[in-house]
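Only one structure is covered here, and it is reproduced in the block below.
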Amino acid sequence: MKATVLVAGSMAILVAGCSAPPVHEPPVSEPPVSEPATVSEPPVVAIEPEIKPPVRPAVSDSETLLTYVDHVRKLPAAEFAKELDTVRKLYARARTEMIRMRYAILLSAPAAGPGEDARAMELLDPLLKSADASVRALATLLSAQIQEQRRAQGLQQKLDALMSLDKSMIERGR
């Protein structure tokens, strides 16, 4: 009997502890009573996490050089000449792959003048064997472009020679 009373008493305590506290609502007819003003702490403001702009991945050497090709292509003649002189002097001081590639890009541009493509090919030769795959790929691309320009120039010269021959034959026939 003692054990039963003890268990029943424990159960009553547990059940009483689990019940929700009574809710006291003000009567509907009476307005809510405000408490007297006391010194209160400043309101808690939710701090939003700082919004950071997305991080741009590091620019690779390939991207830098391709951007440089686009930049060089748009330069006016006077600025192109200054850029060519600047990079030539830079190449004389430091012969890194990037500077060598920039110099070759400038020399392969049509604005560099005739015959500069041969110098560009000389600069590209070591880069075609580079351990850096991206530099090697860009050097291969630039080398192929120079070779295509040479073929086009050769074809243009042949066409000009044929047109000149045709013109002289027409004049003789008159």
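Report the extension gain between THR64 and ARG172 in nm, rounded to one decimal, defined as 0.36 nm multiplied by the number of residues separating them, less their alpha carbon distance. Don't skip to the end; give the middle numbers.
Values: separation 108, 0.36 × 108 = 38.88 nm, distance 5.68 nm.
Contour length minus Cα-Cα distance gives 33.2 nm.
Apply the Karplus parameterisation 6.51 cos²θ - 1.76 cosθ + 1.60, with θ equal to phi minus 60°, to every residue of the range 78-91 and state each ³J(HN,Hα) to the nearest whole Hz, in sequence, with x for glycine and proline.
So the J values, rounded to whole Hz, are 5, 5, 4, 4, 5, 5, 4, 5, 4, 5, 4, 5, 5, 5.
Give the lysines whose C-alpha is closer than 16 Å to that of LYS167, dropping any in the same chain fewer than 8 places away, or say none.
LYS167 reaches LYS158.
Determine ³J(HN,Hα), in whole Hz, for all residues of the range 161-171 in sequence, where each value follows from phi through the Karplus function 6.51 cos²θ - 1.76 cosθ + 1.60 and θ = phi - 60°; x replaces Gly and Pro.
Ordered by residue, 3J(HN,Hα) equals 5, 5, 5, 5, 4, 4, 5, 5, 5, 5, 5 Hz.
Quick check: Cα centre of the range 144-165 to Cα centre of the range 67-103, how many Å?
Centre-to-centre distance over Cα atoms comes out at 27 Å.
None of the figures in this text is laboratory data; all of them are computed from the coordinates on show. Being a predicted model, the structure only gives us computed values, none of them experimental.
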